[in-house]
Amino acid sequence: MKNIIEIKNLSKKFVDGTEALSSVNLDIHDGEIIALLGPNGAGKTTLISAVCGITNMSSGSVQVAGFDVKKDYRKTRSIIGLVPQEIALQPFEKVIDVVRYSRNLFGFKNDDKYIEDILKRLLLWEKKDKRIVELSGGMKRRVIIAKALSHNPKILFLDEPTAGVDVDLRIDMWQLIKEIRAKGTTIILTTHYIEEAQEIADRISIINKGKILLTEKKTELIEKMGQKVISIVLSEAINHTKYSDEFDIINDAESNQHIIHYNYLKSDKNFDRFITTLKNDGHVINNIETKEKSLEEIFLDIVSK
Amino acid sequence: MNIQAIKAIYIFEMSRTIRTLVQSIASPVISTVLYFIVFGSAIGSRMENISDVSYGSFIVPGLILLTVSLQSLSNASFSIYFPRFIGTINELLSAPVSYTEIVIGYISAAVTKSMIIGLIILITASFLVDISIQHPIWMICILFLSCVAFSLMGFIVGIWAKNFEQITIIPDLIITPLVFLGGSFYSITLLPEFWQKVTLFNPIVYLISGFRWAFFGNSDVYIGYSIFAIITFTLICLLIIWRIFSTGYRIKN
């Protein structure tokens, strides 16, 4: 797949010596939704800021659609839209004016029809003449999205777009993000909500302490990193220790003499042998249940390493 | 060049002025009129002419320059500090706008506001005292250049400032005393010789003197020096702004 953003050896050191990004390499595919997952202070916002031109890079390079973000900043920035983490809006201006202002900043003339479409899509049309201070937090968040979309960007950065919004609005926002992607826009999303990444991302990149730990397709990540716990319910009690040396048996609080929790990793060839062994030992299997690891559990595993 | 962006910044800034018309324009005009009433009419009527010009008329250029310099400074500093303060500066930095375009957008708005205030004061003054302008084109040019120079300085202050208090430090503690001591209300030739020489280190003397020359055809210092001083001051401010943007000082880091 064609890369629309190529980040190579990007490092960022702040004046106080803090290294926010350390030799980050990341390719972002055209038309995908990629989620940047990481704890607070991992470097997600700094990474976005470096690509968008908000912060200077210490070293490395970033190419957007084949253009260098420093040398050809006009070309790169003109196709990028940014929804910042903080709601930063001119408090006394009208909604429609701040959206027009954004469009003009990107070199486009006013296009009332286009702005109307965006505002309607974001349920802001009725509020277009309201001043920003009169809006609720959720509405303000919609306004910053409208501003980011005002110049019809090919790439959209969403820095924690659903932080602090209620569940309804979050689901609404996910739907909107899917709609934007359906029109061919590449979306880079940072989020604390792993369910958000699980819901809408095609690929997931995990970042911690300024380093990209891994970047995988969401489905492959869950499959590769995810392990299943298979609970085997037997008709009668068995001696767990007899099997735990040879097989990956979990002895947790939930286990009892009738249930064995088997730790199943992908392509585990022992599982079939384990079942055969149980059968050969005369045990009757009443039920088998499986439980996959969630993305959240995988994320916590990776970040804690 | 991203003309749309320059226009957007300009219109946005001007609309802020229109929204806060009383604070932006009426307030400095009223305070200047009070100066005229007190210094020009009440006290000035008892003062001797300076270089054949009545005291009330003599102070007009100084008062205009005092007001427009402080207005240029505060307008430009606030216009760039406020986006920094609320975070909307990031939108500007992530847009395809060059530093030159950003400066043109903000400075042209600040200059427009100050020029309007300056011209309103001039018109107001003409109702209170007799004013004749010997070199009207030079008067407009010097007023314009002074507004540009102080707006650029204000822009620097707005980037340098870490809080609202610091925005007022430069105008209140440096510019206001320099303007007052730079001959706004008197000719520096009235000072003792030693203080005349000391005063020549005050750059504002050259601006006021040049501006007064445009009005009355005579000045404390040679007009060429005044023009040179204004242009040098402007170039120094531009150089500092270029350095700020090229390093990202207090903007990008």
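The values are calculated or read from the model by the stated rules, or taken from the named source; none is laboratory data. Everything numeric in this text was worked out from a predicted model, so none of it was measured. Don't worry about glycine lacking a Cβ; one is built from the backbone with ideal geometry, like all the others, and counts go over all protein chains shown.
Anything in segment B:35-87 that is over 22 Å from B:I230 (Cβ atoms) and among the aromatic types (F, W, Y)? List them, or say none. Hits for segment B:35-87 are B:Y35, B:F36, B:F39, B:Y55, B:F78, B:Y81, B:F82, B:F85. Pairing residues of segment B:12-30 that are away from chain A (no Cβ under 14 Å) and within 14 Å of B:T112 (Cβ to Cβ) with residues that are in a helix (DSSP H, G or I) and among the β-branched types (V, I, T), at Cβ distances under 7 Å and at least 6 apart in sequence or on separate chains, gives B:I25/B:I116; B:I25/B:I117; B:I25/B:I120.
Among strands (runs of 3 or more DSSP E) entirely within segment A:185-243, having at least 2 residues that are outside the structural domain of A:N9 (by TED's automatic domain parsing) and in contact (Cβ under 8 Å) with a residue 12 or more places away in the chain singles out A:228-234.
Residue-wise test of (1) under 28 Å from the mean Cα position of the chain (by Cα); (2) within 7 Å of chain B (Cβ to nearest Cβ); (3) surrounded by 15 or more Cβ atoms within 10 Å (Cβ to Cβ); (4) at pLDDT below 95.
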| site | (1), (2), (3), (4) |
| --- | --- |
| A:Q90 | no, yes, yes, yes |
| A:F106 | yes, yes, yes, yes |
| A:K109 | no, yes, no, yes |
| A:D112 | no, no, no, yes |
| A:D117 | yes, no, no, yes |
| A:K120 | yes, no, no, yes |
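A:K127 falls short of the stated requirement of being at pLDDT 90 or above and either within 14 Å of chain B (Cβ to nearest Cβ) or surrounded by fewer than 20 Cβ atoms within 10 Å (Cβ to Cβ) (or both). When A:V99 is tested against the conditions (1) within 22 Å of B:F245 (Cα to Cα); (2) within 14 Å of another protein chain (Cβ to nearest Cβ); (3) surrounded by 15 or more Cβ atoms within 10 Å (Cβ to Cβ), the lone failure is (1).
Tallying residues that are aliphatic (A, V, I, L, M), under 28 Å from A:G66 (Cβ atoms) and in contact with a Leu (Cβ under 8 Å, 6 or more places away or on another chain) within segment A:154-186 yields 4.
The number of residues in segment B:123-181 being aromatic (F, W, Y) and within 15 Å of the chain's Cα centre (by Cα) comes to 4.
Screening B:L191, B:L181 for residues that are over 30 Å from B:T100 (Cβ atoms), crowded, with 18+ Cβ neighbours inside 10 Å and not hydroxyl-bearing (S, T, Y) leaves exactly one candidate, B:L181.
For segment B:214-228, does any single residue satisfy the condition of being surrounded by fewer than 22 Cβ atoms within 10 Å (Cβ to Cβ), among the polar types (S, T, N, Q) and either part of a helix (DSSP H, G or I) or more than 14 Å from chain A (Cβ to nearest Cβ) (or both)? Yes - at least one qualifying residue is present in segment B:214-228. Counting just the residues of segment B:94-122 that are among the β-branched types (V, I, T) and within 17 Å of B:L239 (Cα to Cα), which one comes out nearest to the other protein chains (Cβ to nearest Cβ)? In this case the residue turns out to be B:I102. The residues of segment A:266-283 that are assigned to a loop (DSSP other than H, G, I, E, B), under 15 Å from A:H240 (Cα atoms) and of a type outside the set (D, E, K, R), listed by number, are A:G282, A:H283. For segment B:1-53, which positions are over 25 Å from B:V129 (Cα atoms), of a type in the set (S, T, N, Q) and loosely packed, with under 15 Cβ neighbours inside 10 Å? Matches in segment B:1-53: B:T20, B:Q23. In segment A:13-83, counting only strands (runs of 3 or more DSSP E) that sit wholly within it, the ones holding 3 or more residues that are within 12 Å of chain B (Cβ to nearest Cβ) span A:80-83.
The helices (runs of 4 or more DSSP H) found entirely in segment B:48-164 that carry 3 or more residues being aromatic (F, W, Y) and under 19 Å from B:I6 (Cα atoms) are B:55-86.
Whether a residue is more than 20 Å from B:S219 (Cβ to Cβ) and among the aromatic types (F, W, Y) was assessed, and B:W138 does not pass this test. Looking only at segment A:57-88, filter to residues that are of a type in the set (S, T, N, Q) and within 23 Å of the chain's Cα centre (by Cα); which one of those is surrounded by the fewest Cβ atoms within 10 Å (Cβ to Cβ)? This residue is A:S61.
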